[in-house]
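Structure first, then comments.
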Amino acid sequence: MERKGQVPPVEAPPLPGPAVLRQVWAGVVFLHWRVDPAAVTHLFPFGTRPDLFDGTTYAGLVAFRAPTTRVLGVRALGAFDEVNVRLYSVDGQGRRGVVFLSLDADSLPGVLVARTVPRMPYTWSDTSLRQSGVGPCAGAVRRRWPQGGAHGRWRLRVEARPTAPTPLEHFLTARWGLHTPRAGTTRWVRVRHERWVLHRAGDVAYEGDLLARAGVRLPRTAPVSALWSPGAVAELTPSVLPVR
């Protein structure tokens, strides 16, 4: 079990080389629920386990718009919306990350590339993100291909004043890598992004089966954490480190 209250560093560690992919994440919604670590351990790739905060772990739904994506400085994709379902991981070397259980995007070309090259579990979906910032905020997603039918919708009200994140809020949002299965093993990919400006949100409601389809059974309660950010610039390199 991780030490109580242990959190990632405030600033992202340096990337191991020049950033190959640079993406803007805008109007980001973070919804999180507590889950029993034993109930989701089987969803983690080899060599990783649930990252714990005060003895529990969390499942998240994160939605944002990506207005620009550049590869080697060249704009590679048009704007698209993304909704992902994630868990939080740590490996035997103590490296913390994200495990993506599903990623929904409304760009078919982007989905095809992501499923073919980095082999991420993207799905082509209809998305509608109404995220004007302070005040009412809502979104919805319905999957189209390759497996349709899953859906979700949410609404919340974003508070006007930014907040200094609590240790838990920092634990959930400052993730400097991702764990992903590849070629029979697990790789940890380094990610760097700007520090979030976070606003808390209230009047939160979620309905749908996005998390259930990913294998996460939620309690019949509202999210325990709801946050919104105007966004950040993220960078990634193709350098990957194996998990032993």
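The values are calculated or read from the model by the stated rules, or taken from the named source; none is laboratory data. No experiment lies behind these values; they were computed from the predicted model shown. Every residue, glycine as well, gets a Cβ built from its backbone with ideal geometry; the counts of neighbours run over all protein chains shown.
Which number in (1) in contact (Cβ under 8 Å) with a residue 60 or more places away in the chain; (2) within 18 Å of Trp176 (Cα to Cα); (3) surrounded by fewer than 21 Cβ atoms within 10 Å (Cβ to Cβ) marks the one condition that Leu87 misses?
(3)
Condition first: under 19 Å from Arg217 (Cβ atoms) and under 16 Å from the mean Cα position of the chain (by Cα). Can you find one or more residues in region 101-116 that meet it? Break it down into steps so the answer makes sense when it comes.
Within region 101-116, the first condition is being under 19 Å from Arg217 (Cβ atoms), and the residues that meet it are 101-102.
If we keep only those that are under 16 Å from the mean Cα position of the chain (by Cα) too, we end up with 101-102.
Checking region 101-116: at least one residue is under 19 Å from Arg217 (Cβ atoms) and under 16 Å from the mean Cα position of the chain (by Cα).
If you go through region 93-112 one residue at a time, how many are part of a loop (DSSP other than H, G, I, E, B) and in contact (Cβ under 8 Å) with a residue 40 or more places away in the chain? Walk me through it before giving the result.
Of all residues in region 93-112, those part of a loop (DSSP other than H, G, I, E, B) come to 93-95, 106-107.
Filter once more, keeping what is in contact (Cβ under 8 Å) with a residue 40 or more places away in the chain: 93, 95.
So the answer is 2.
How many residues are polar (S, T, N, Q), within 21 Å of Pro14 (Cα to Cα) and modelled with pLDDT of 95 or more when one looks only at region 56-106? I'd like the intermediate steps shown before the answer.
Residues of region 56-106 that are polar (S, T, N, Q), as a first pass: 56-57, 68-69, 84, 89, 93, 102.
Checking which are within 21 Å of Pro14 (Cα to Cα) leaves us with 69, 89, 93.
When the remaining residues are screened for being modelled with pLDDT of 95 or more, the result is 89.
The qualifying residues number 1.
Among the listed residues Pro50, Pro18, identify the single one that is more than 30 Å from Ala212 (Cβ to Cβ) and either touching a residue at least 40 places away in the same chain (Cβ under 8 Å) or surrounded by 14 or more Cβ atoms within 10 Å (Cβ to Cβ) (or both). It would help to see each step written out before you state the result.
Details: Pro50 fails: more than 30 Å from Ala212 (Cβ to Cβ).
Matching residue, one of Pro50, Pro18: Pro18.
Suppose we keep only residues that are closer than 30 Å to Leu112 by Cα and either in contact with a Lys or Arg (Cβ under 7 Å, 6 or more places away or on another chain) or assigned to a loop (DSSP other than H, G, I, E, B) (or both) within region 147-161. Which one would you say is modelled with the lowest pLDDT? Full working, then the answer.
Step one: filter region 147-161 for residues closer than 30 Å to Leu112 by Cα, giving 147-155.
Those still in the list that are either in contact with a Lys or Arg (Cβ under 7 Å, 6 or more places away or on another chain) or assigned to a loop (DSSP other than H, G, I, E, B) (or both) too: 147-151.
Working: Gln147: 83, Gly148: 86, Gly149: 89, Ala150: 95, His151: 96.
Here the residue is Gln147.
Report, by residue number, each residue of region 108-135 that is more than 18 Å from Val85 (Cα to Cα) and modelled with pLDDT under 80.
Those that are more than 18 Å from Val85 (Cα to Cα) and modelled with pLDDT under 80: Val113, Thr116, Val117, Gln131, Ser132, Gly133.
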